Amino acid sequence: MEQVSRKAGSNIVLALDLPLGKPKKLLFQAKKILEAVHPHVCAVKFNHHLTLPLGLFGDLQDLLNQAKGFGLPTIMDCKINDIGSTNQTIAEYYFEAGFDAVTANPFVGWEDGLCPVFNKAKRMNRGVLLLVYMSHKGASEGYGQKIIGEEREKPQFQYRLFAERALKWGAAGAVVGSTYPEKIKELNLVLKEKVPIYSPGIGIQGGNTEITIKNGATYLIVGRAITQAENPLRIAIELKRIAHKSAK
Ligand code: XMP
């Protein structure tokens, strides 16, 4: 990621999300957007928006190959969140399909939870991005809870613990919503630049590019602001420019 980002002069991860549509049309639109914006992004993140209609080993392969042809790493935002054996199968399918990284939810814990996913990723030289504080409004109801126990005397915020786990488990990234810049700042101190922050929520969800970068996010995950724009290329270039300027 770091190398591609440096080479492209961009820290924008394209979330290639499109609204409901016919598979052939979705494939055509997604390929067109990727073709246009690829020099200005450093990775492509996929979600169920395309894996469901196109099929993991079906037409989605066309898009994965296109991204790889452009030298872009690919992330599957599958938010793995089940028991260990199921989690392992999910990760295996995505890695076999060609994804470089998957997202996972730390709420399920390590033992017989995410341990098999991290082990599999390590063996296959892939990455796991851990959700630490999501970008939507209800995030505080889970990630923002104060918890007791966990051999600590004082109550602690759930997301702080998740950031510590991202470090301990060797996550390739921590996902923190751009809609909560104060959390990005706080968690950046916990993660000590050892685990980069990936921040979704720019634009339509209300996150601001400059504020997100200035508070310590390394990568910005941007979907609809680009994919639903009249001119995706213009928006990608503009976001890249603002992010680059803000990082100085
Ligand atoms: P938009 O259109 O809002 O899309 O730019 C953002 C993309 O990122 C996903 N998303 C998240 N993924 N943790 C994640 O792992 C989050 O907190 C989060 N918030 C948004 C969203 O599903 C879409 O693909």
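Would you call residue 121 under 25 Å from residue 193 (Cα atoms), within 13 Å of the ligand (Cβ to nearest atom) and assigned to a helix (DSSP H, G or I)?
Details: under 25 Å from residue 193 (Cα atoms): yes; within 13 Å of the ligand (Cβ to nearest atom): no; assigned to a helix (DSSP H, G or I): yes.
Here the answer is no, as residue 121 does not meet what is asked.
Filter region 93-118 down to residues that are more than 17 Å from the chain's Cα centre (by Cα) and under 20 Å from residue 50 (Cβ atoms) and give me whichever is surrounded by the most Cβ atoms within 10 Å (Cβ to Cβ).
97
Can you tell me which residue among 13, 4 is within 13 Å of the ligand (Cβ to nearest atom) and outside any loop (DSSP other than H, G, I, E, B)? Steps first, please.
Numbers: 4 fails: within 13 Å of the ligand (Cβ to nearest atom).
One residue alone meets the criteria, 13.
Out of all the residues in region 175-188, is one or more touching a His at 6+ places or on another chain (Cβ under 9 Å) and at pLDDT 95 or above? It would help to see each step written out before you state the result.
To start, the set of residues in region 175-188 that are touching a His at 6+ places or on another chain (Cβ under 9 Å) comprises 177, 179.
Next cut, at pLDDT 95 or above only: 177, 179.
Looking through region 175-188, at least one residue is touching a His at 6+ places or on another chain (Cβ under 9 Å) and at pLDDT 95 or above.
Evaluate region 226-247: report whether one residue or more is assigned to a helix (DSSP H, G or I), within 11 Å of the ligand (Cβ to nearest atom), hydroxyl-bearing (Ser, Thr, Tyr) and modelled with pLDDT of 95 or more.
Checked region 226-247: at least one residue is assigned to a helix (DSSP H, G or I), within 11 Å of the ligand (Cβ to nearest atom), hydroxyl-bearing (Ser, Thr, Tyr) and modelled with pLDDT of 95 or more.
Hey, does region 151-166 have a residue that's open to solvent by 20 Å² or more (accessible area, probe 1.4 Å), in contact with a Leu (Cβ under 7 Å, 6 or more places away or on another chain) and away from the ligand (no atom under 16 Å from the Cβ)?
no
Consider only pairs whose beta carbons are under 7 Å apart and that are at least six residues apart or on different chains; among these, list those whose first residue lies in region 17-35 and is at negative phi and whose second residue is open to solvent by less than 20 Å² (accessible area, probe 1.4 Å) and among the hydroxyl-bearing types (Ser, Thr, Tyr).
Note: pairs meeting the criteria are 17/227; 18/227; 33/227.
Could you tell me which residue of region 188-200 is nearest to the chain's Cα centre (by Cα), considering only residues that are away from the ligand (no atom under 11 Å from the Cβ) and of a type outside the set (Val, Ile, Thr)?
Among those that are away from the ligand (no atom under 11 Å from the Cβ) and of a type outside the set (Val, Ile, Thr), it is 196.
For region 130-167, how many residues meet the condition of being polar (S, T, N, Q) and either touching a residue at least 24 places away in the same chain (Cβ under 8 Å) or part of a loop (DSSP other than H, G, I, E, B) (or both)? Can you show your working first?
Residues of region 130-167 polar (S, T, N, Q): 135, 140, 145, 156, 158.
Subsequent filtering for residues that are either touching a residue at least 24 places away in the same chain (Cβ under 8 Å) or part of a loop (DSSP other than H, G, I, E, B) (or both) retains 135, 145.
Number of matching residues: 2.
Which of the residues belonging to region 150-177 are within 23 Å of residue 99 (Cβ to Cβ) and small (Gly, Ala, Ser)?
Correct list: 166, 170, 171, 172, 173, 174, 177.
When only residues in region 201-225 that are more than 14 Å from the ligand (Cβ to nearest atom) and over 16 Å from the mean Cα position of the chain (by Cα) count, which is least open to solvent (accessible area, probe 1.4 Å)?
Restricting attention to region 201-225, the residues satisfying the condition of being more than 14 Å from the ligand (Cβ to nearest atom) are 210-211, 213-216, 218.
Subsequent filtering for residues that are over 16 Å from the mean Cα position of the chain (by Cα) retains 210-211, 214-215.
Numbers: 210: 86, 211: 83, 214: 127, 215: 33 Å².
Checked region 201-225; the qualifying residue least open to solvent (accessible area, probe 1.4 Å) is 215.
Answer yes or no: is there a residue in region 134-149 that is within 18 Å of residue 101 (Cα to Cα), open to solvent by less than 10 Å² (accessible area, probe 1.4 Å) and either in contact with a Ser or Thr (Cβ under 9 Å, 6 or more places away or on another chain) or at pLDDT 95 or above (or both).
Within region 134-149, not a single residue is within 18 Å of residue 101 (Cα to Cα), open to solvent by less than 10 Å² (accessible area, probe 1.4 Å) and either in contact with a Ser or Thr (Cβ under 9 Å, 6 or more places away or on another chain) or at pLDDT 95 or above (or both).
Among the candidates 177, 201, 206, which residue alone is out of contact with any Lys or Arg (no Cβ under 7 Å at 6 or more places or on another chain) and within 28 Å of residue 120 (Cα to Cα)?
Details: 201 fails: within 28 Å of residue 120 (Cα to Cα); 206 fails: within 28 Å of residue 120 (Cα to Cα).
Step by step, each of 177, 201, 206 is checked, and only 177 is out of contact with any Lys or Arg (no Cβ under 7 Å at 6 or more places or on another chain) and within 28 Å of residue 120 (Cα to Cα).
Sort out which residues of region 195-205 are part of a loop (DSSP other than H, G, I, E, B) and at pLDDT 95 or above, and write them in order of number.
Start the filter on region 195-205 by keeping residues that are part of a loop (DSSP other than H, G, I, E, B), which leaves 195-196, 201, 203-205.
Within region 195-205, 195, 196, 201 meet the criteria.
The values are calculated or read from the model by the stated rules, or taken from the named source; none is laboratory data. Quick caveat: nothing in here was measured; it's all calculated off a predicted structure. Every residue, glycine as well, gets a Cβ built from its backbone with ideal geometry; the counts of neighbours run over all protein chains shown. SASA here: full protein model, heavy atoms, side chains in, ligands and nucleic acids out. Shrake-Rupley method; radii C 1.70, N 1.55, O 1.52, S 1.80 Å.
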